[in-house]
1. Within the stretch 94-118, take every residue that is touching a residue at least 60 places away in the same chain (Cβ under 8 Å) and small (Gly, Ala, Ser) and give me the one that is farthest from Cys15 (Cα to Cα).
2. Give the residues of the stretch 67-97 that are part of a helix (DSSP H, G or I) and among the β-branched types (Val, Ile, Thr), sorted by residue number.
3. Just to be sure, is Val65 of a type in the set (A, V, I, L, M) and either touching a residue at least 12 places away in the same chain (Cβ under 8 Å) or within 17 Å of Ile17 (Cβ to Cβ) (or both)?
4. List every residue pair whose Cβ atoms lie under 6 Å apart, where the two residues are 6 or more positions apart in sequence or sit on different chains, the first residue falls within the stretch 70-93 and is in contact (Cβ under 8 Å) with a residue 24 or more places away in the chain and within 23 Å of Ala135 (Cα to Cα), and the second residue, located anywhere, is outside any helix (DSSP H, G or I) and among the small types (Gly, Ala, Ser).
5. Just give me the residues in the stretch 68-84 being closer than 20 Å to Ile17 by Cβ and either modelled with pLDDT under 95 or exposed (fewer than 12 other Cβ atoms within 10 Å of the Cβ) (or both), in sequence order.
6. Only one of these conditions is not met by Tyr129: (1) modelled with pLDDT under 95; (2) within 26 Å of Glu2 (Cα to Cα). Which number is it?
7. How about the stretch 28-49: which of its residues are outside any helix (DSSP H, G or I), closer than 27 Å to Cys15 by Cβ and of a type in the set (A, V, I, L, M)?
8. Among the residues of the stretch 50-59, are any farther than 20 Å from Ile17 by Cα, of a type in the set (A, V, I, L, M) and either free of Cβ contacts under 8 Å to residues at least 12 places away in the same chain or assigned to a helix (DSSP H, G or I) (or both)?
Amino acid sequence: MEKHQIRVIVLWVVCLIGMILHFNYHVSKIFYGINVVRPGATGEISAMAHVMKSVYYHLPMIFIVAQLYFTAAWFRLTMFGISIIYSFSHVLHVVDEVTKPVLDWSQIPLLSLVLIFSLLLNWSSWMYYRAAVPAKRTTAQLA
């Protein structure tokens with residue numbers, strides 16, 4: 001396994017753990033007597049909640065395993081693109097958290113770290129892709 005592949009896998013794992021902790025931090029408020037029920041909740045989990053779980057929990061697990069078995073340049077480029085989308089969603093997540101009327105001081109550092117890790121994932125995914133693409137020779141090198 002090459003170093004960029006290992007970095008990509010580890011960063012996906014760290015981001016996945018960060019999102020699991022994010023949910024855990026919300027639920028842990030129960031221990032302090034804080035009501036964690038969403039306003040207007042009906043007791044049914046929305047379809048969007050299921051989609052978000054798939055996006056932030058299930059897909060990263062698939063990406064981690066796929067990184068172990070697929071190494072073609074097109075796959076690496078695709079995963080780089082997905083990592084960009086993932087980072088953009090984390091930017092929106094951090095912005096949403098810091099613009100709430102009541103700041104959650106456990107979530108802001110965690111989500112900021114996950115954003116940083118996702119940006120490192122972008123860079124590492126790009127480097128992993130570049131390692132699969134042969135360097136183009138310039139005309140100076142050909143002479």
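The values are calculated or read from the model by the stated rules, or taken from the named source; none is laboratory data. The model shown is predicted, which means the values in this text are computed figures rather than measured ones. In this analysis, Cβ positions are derived from the backbone assuming ideal geometry, glycine residues included, and neighbour counts consider all displayed protein chains.
1. Residue satisfying both the conditions and the ranking: Ser106.
2. If we filter the stretch 67-97 for residues that are part of a helix (DSSP H, G or I), which is where we start, we get 67-69, 73-97.
If the condition is that a residue be part of a helix (DSSP H, G or I) and among the β-branched types (Val, Ile, Thr), then Thr78, Ile82, Ile84, Ile85, Val91, Val94, Val95 are the ones that fit.
3. yes
4. Going by the 6 Å Cβ cut-off, there are no qualifying pairs.
5. Passing the criteria: only Leu68.
6. Status for Tyr129: all satisfied but (1).
7. Across the stretch 28-49, the qualifying residues are Ile34, Val36, Ile45.
8. Here is the first cut: in the stretch 50-59, the residues farther than 20 Å from Ile17 by Cα are none.
No; the residues of the stretch 50-59 include none that is farther than 20 Å from Ile17 by Cα, of a type in the set (A, V, I, L, M) and either free of Cβ contacts under 8 Å to residues at least 12 places away in the same chain or assigned to a helix (DSSP H, G or I) (or both).
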